[in-house]
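Working notes for the structure below.
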Amino acid sequence: MSMPVSASAAGPVNDAVLALLRADVELMSLVPVVADWVEEKDTFPYIETGDAVETPDNSHDSHGSNTVITLHVWSQYRGFHQARTIANRLRALLEHRPLSIAGHRHVATYFVSQQTLTDPEPPGDIRHIPVSFRVLTQVQP
């Protein structure tokens, strides 16, 4: 029995996360845009995906990946209430929840970290919360 050819999971994981988030009515009532690229003219608040660090997580008979994906919540609301509400919804949707990932079998998704930041550039009214998740996958034969 030969092992399947290893394929990067970062792109398919990002696509699966985007599809899951966009399909959630509650999340989409909180943000008008969930994308892997956002134009400067887009309305706040929004979620931007795309940042990922992928490392191998192989066993003796299968190729796997450990992908840490970071979702960025951006808001111009005074204070962090709005951004935290959105970040909490991300955790409810992704933490320990299954994902349908093209070409890969989802093993697990774990919450990694969350940080509250204020953009120091003028006008200084932008709130930013990066939220990271670890997604474990195996390449499907």
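Just to be sure, is P141 in contact (Cβ under 8 Å) with a residue 24 or more places away in the chain, surrounded by fewer than 19 Cβ atoms within 10 Å (Cβ to Cβ) and not in a strand (DSSP E or B)? Spell out the reasoning first.
Numbers: in contact (Cβ under 8 Å) with a residue 24 or more places away in the chain: yes; surrounded by fewer than 19 Cβ atoms within 10 Å (Cβ to Cβ): yes; not in a strand (DSSP E or B): yes.
Spelling it out, P141 is indeed in contact (Cβ under 8 Å) with a residue 24 or more places away in the chain, surrounded by fewer than 19 Cβ atoms within 10 Å (Cβ to Cβ) and not in a strand (DSSP E or B).
Which fully enclosed strands (runs of 3 or more DSSP E) of the stretch 20-91 have 3 or more residues being open to solvent by 60 Å² or more (accessible area, probe 1.4 Å)?
Working: elements: 33-35, 46-56, 64-75.
In the stretch 20-91, 46-56 are the strands (runs of 3 or more DSSP E) which contain 3 or more residues that are open to solvent by 60 Å² or more (accessible area, probe 1.4 Å).
In contact with a His (Cβ under 8 Å, 6 or more places away or on another chain), within 17 Å of L18 (Cβ to Cβ) and either surrounded by 13 or more Cβ atoms within 10 Å (Cβ to Cβ) or among the small types (G, A, S) (or both): does that describe L99?
Details: in contact with a His (Cβ under 8 Å, 6 or more places away or on another chain): yes; within 17 Å of L18 (Cβ to Cβ): yes; either surrounded by 13 or more Cβ atoms within 10 Å (Cβ to Cβ) or among the small types (G, A, S) (or both): yes.
Yes: the conditions hold for L99.
Pairs please, first residue from the stretch 83-109 and closer than 14 Å to D24 by Cβ, second anywhere and at pLDDT 95 or above and assigned to a loop (DSSP other than H, G, I, E, B), Cβ atoms under 7 Å, 6+ apart in sequence or on different chains.
Once the first residue is closer than 14 Å to D24 by Cβ and sits in the stretch 83-109, its partners that are at pLDDT 95 or above and assigned to a loop (DSSP other than H, G, I, E, B) give I86/V31; I86/P45; L93/D24.
With the requirement that a residue be closer than 26 Å to A7 by Cα and not aliphatic (A, V, I, L, M), what does the stretch 88-112 give you? It would help to see each step written out before you state the result.
So the first thing to find is which residues in the stretch 88-112 are closer than 26 Å to A7 by Cα, and the list is 93-112.
Scanning the stretch 88-112 gives E95, H96, R97, P98, S100, G103, H104, R105, H106, T109, Y110, F111.
The values are calculated or read from the model by the stated rules, or taken from the named source; none is laboratory data. All of these numbers come straight from a predicted model, not from anything done at the bench. Neighbour counts are summed over all protein chains in view; Cβ atoms, including those assigned to glycine, are modelled from backbone coordinates with ideal geometry. In case anyone asks, the SASA skips ligands and DNA or RNA and just uses the protein heavy atoms, side chains included. Shrake-Rupley method; radii C 1.70, N 1.55, O 1.52, S 1.80 Å.
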